[in-house]
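Derivation of every value follows stated rules applied to the coordinates shown; laboratory data play no part. Please read all numbers here as calculations on a predicted model, not as lab measurements. Cβ sites come from the backbone with ideal geometry, for glycine too, and all protein chains shown count toward neighbours.
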Amino acid sequence: MAAMASLHLLATLLLILGYGRSVIIAHIIDEASHQTTHSSNNMIIPNHTYRPSFHFLPSKNWMNDPNGPMRYKGMYHLFYQHNPKAAVWNTAIEWGHSISKDLVNWFPLQPSLTPNQPYDIKGCWSGSITILPNQKPFILYTGIDNNNHQTQNLAIPKNLSDPLLREWVKLPNNPLMKPTLGNKINVTSFRDPTTAWLGHDGFWRVIVGSQENEKGIAILYKSKDFLHWIKAKHPLNSAKKSGMWECPDFYPVSTKGKIGIETSVDGPQVRHVLKVSLYDTSHDYYLIGTYDTTKDVFVPDDEEGFDKDELYLVQRYDYGKFYASKTFYDDAKKRRVLWGWINESSVQQDDEKKAWSGIQGIPRTVWLDESGKQLIQWPIAEIEKLRGHHVKLHSKVLKPGTLLQVSGVTAAQADVEISFQVSKLENAQELNPSWKLDPQILCSQKAKGGFGLLVLASKGMQEYTSVFFMIFRANKKYVVVMCSDQSRSSLNHKNDLTTYGAFVNVDPAHEELSLRILIDESVVESFGGKGKACITSRVYPTLAINDKAHLHAFNNGTLHVKITRLSAWSMKKAKVN
Ligand code: DQQ
C-alpha cells in the first residue's frame, strides 16, 4: 500500500512538472468517491459531487485566504490558509503549500509554516512573499499569540538550493512589527502584510491592515534590511467608517495594454491599485489612483475612497463570492495574476460531512481598462488546455420567451462563451430614479426578464442557476446589469441562495454583450463584458448533478436578442493536490 501511495505521488509530481503521460504508470484514485450524504429531498448524493475538478483546493479540510503566490525558478507556488484538522476555521491555521508548472495542475508539499512559536501559537495567518535580490523569497506573515495579539514575522527558505522551497525557518528576531504603547496599534487588528516594494531611497515598504475604532487603515512600514522595520508617520491610506482592512494589496498597473508590472516599478505610464478586504462586508474593494512617492501616500482618483456609507458604489473584483485576494507579478508571462478565496454557500454541517470547505478562484490576469477607470479580469489562458469536446453556434435569434438547450458538453464541468447583440433597445425597462443604484438590489428585486445562460439546470427545471443581463433605459443611455441568480439553484434551501448583481460598463447600442462562465460542479464563475464585471457563486443542486446537469441559453425579456457566437467546451479534470 505504501509503495502504491508513493508511486501515486511520484506520478502526480511528474505530470505536474510537465513530463509526458507515457511515463505515468499510476492512476489517481478518487478516495472520497465511496462516501455519500442525503439531500433534503432524500436523494443520495455522493460526497465528492460538489468537489470542483479544475479549481484549486487542498485534498481535504478547510482552506481560506491565498498567501504568498509567486513564480520562483520556473515554478508557481501557492500557499494558503489551511486547517489540517477539520473542515472549519480554527486556531490550528497553518500555511499549506502547493507547486505547479502551469497554474492548473498542482502538487501538494508539506506545510511551510505551522503554529509552533509563542508569537504564532494560535495561528500562522495571512501574509505575502517578496523576492529579494539574488532570488531570495521572504515570507512576511501574521502570528497570533496566546492573547490573540497580532504581530508580523519573517520566515525564509531553509535551503535556497531546493527549487521547491519545501522547508522554511522562522527568524529568531521575530516579531519584527508589533503593537506597542508608543505606536498605539490595535493589538487584535494588525495583520496581513503585503508584498514589499522598494522605493528610490533604497527602503523596502509594506502595508499592514488595521483599524482604529471604525477607521480602516493601511499602516505603512519601512526597512532598509527587511529585518528592522519602522512605522511611517502616515498610513498609506485610511478611511473613516470602513472597519477593519484585511489582506490589503497594493500594486502598479500599466496605462498601456495588458502587460503586468513588477511590484516595485513606478513611472509615467503607471497607475496604482489599492485593494482592501473589508471585514464588515466580506467583500474585496479596489481603488485606482496615484502613488505619491514624496509623501508616501496613495491618492485615489475617487476622492471619497473607501470612506463611504454607500460602499456599494465602490468597485469590486467580484460581485459574488471572492475574498482576501492577492496578486503577484508573473515574470514569465509579464502579467499580474490575481488569486481569491471562494468560500462555501452551504451550512457548516454539510461542509463537515463532505470534509472540505473553501476553494480558490481560477487565477485571473488583471490589467487596467483603456478607460483607466476600472480593472479587467480574465481567467489565465492556461486553463483553456483543459477544454475538451467543443460545441458551437452562430447567429441564432433568441425571441422573447425562448429557451435553447446547448447539448453535447458535460454541463457540470464546462467553459462557455456567448455573445449577444441586442436590438429594439427602446423596449428596455426604464430605470426608476427613485431606485437605489445597487446592482444586487436591481437583480433581486427589479429583474423583469433578461437574457443569458441557465447553468446546472435539472431536466424538469426544478433547479437552475441563471446568469443573465438586464438592460435599463436611463436618460437616453443604457445601463447594463449582470445578475447571478441562485434562488432556484438547489432544492436544498439550507444553502445561501442570495442573488448577486454587477453593473457592466458596455453600451449595448454599439457593442455586443459577452458572457463567459466556468462551471465546475458547485462553482459558477462568470465574466461579463470581456472581464469588466465578474460574479462567482457556489451552488449545490440535488438533481442537476454530473450528467443530469443541463445548459441552456434563454431570453425571457422583451428585447430582441441574437446570439452572435456561442462556444461551449467540456472541461477535463485538472490534477489538484
Ligand atoms: N484570514 C486570515 C487573516 C485575515 C483573514 C486568518 C481574512 O489573516 O485577516 O485565517 O480572511
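In this simple spin-label model, placing a label point 7 Å from the Cα along the Cα-to-Cβ direction at both LEU404 and GLN348 gives a separation of 4.7 nm. Just so you know, the Cα atoms of the chain work out to an Rg and Dmax of 23.6, 70 Å. For the cross-link pairs LYS158/LYS233; LYS85/LYS353; LYS396/LYS446, which exceed 23 Å when the distance is taken from alpha carbon to alpha carbon? Beyond 23 Å: LYS158/LYS233; LYS396/LYS446.
Using the average count of surrounding beta-carbon atoms within 10 Å as a protection proxy, the listed peptides 193-199, 252-258, 445-451 rank, highest first, as 193-199, 445-451, 252-258. Ordering MET75, MET177 by the number of other Cβ atoms within 10 Å of each residue's own Cβ, fewest first, gives MET75, MET177.
With pairing defined as another cysteine C-beta under 4.7 Å, the cysteines of the chain that fail it are CYS124, CYS247, CYS534. Highest mean packing first, where packing is the average number of other Cβ atoms within 10 Å per residue, the peptides 385-396, 309-320, 527-538 line up as 527-538, 309-320, 385-396. You can think of it this way: the chain between THR91 and LYS334 has 83.7 nm of extra reach, that is 0.36 nm per residue less the Cα-Cα gap.
Subtracting the Cα-Cα distance of ASN173 and GLU303 from 0.36 nm times their residue separation leaves 42.8 nm of extension gain. Inter-label distance, LYS233 to ALA381: 4.8 nm, where each label sits 7 Å from its Cα along the C-beta direction. Extension gain for the segment ASP369 to ASP162, taken as residue separation times 0.36 nm less the Cα-Cα distance, is 70.6 nm to one decimal. Amide hydrogen proximity for LEU398: with H placed 1.01 Å from N in the peptide plane, the residues at 5 or more positions away or on another chain lying under 5 Å are VAL561, LYS562, ILE563.
In terms of other Cβ atoms within 10 Å, GLU430, GLU417 run from fewest to most in the order GLU430, GLU417.
Sorting SER242, SER419, SER514, SER489 by the number of Cβ atoms found within 10 Å of their own Cβ, with the fewest placed first, yields SER419, SER514, SER242, SER489. With the simple spin-label model, which puts each label point 7 Å out from Cα in the Cβ direction, the VAL187 to SER223 separation comes to 2.3 nm. Per residue of the chain, the DSSP helices (runs of n ≥ 4 H) give a summed -39500 (n - 2.57) that works out to -1500 deg cm²/dmol at 222 nm.
Computed from backbone phi, the HN-Hα couplings of the stretch 120-137 come to 9, 5, 9, x, 9, 8, 5, x, 9, 10, 10, 9, 7, x, 6, 6, 10, x Hz, rounded to whole numbers (Karplus: 6.51 cos²θ - 1.76 cosθ + 1.60, θ = phi - 60°; Gly and Pro given as x). Between SER444 and HIS493, the FRET efficiency from the beta-carbon distance, with R0 = 22 Å, is close to 0.85.
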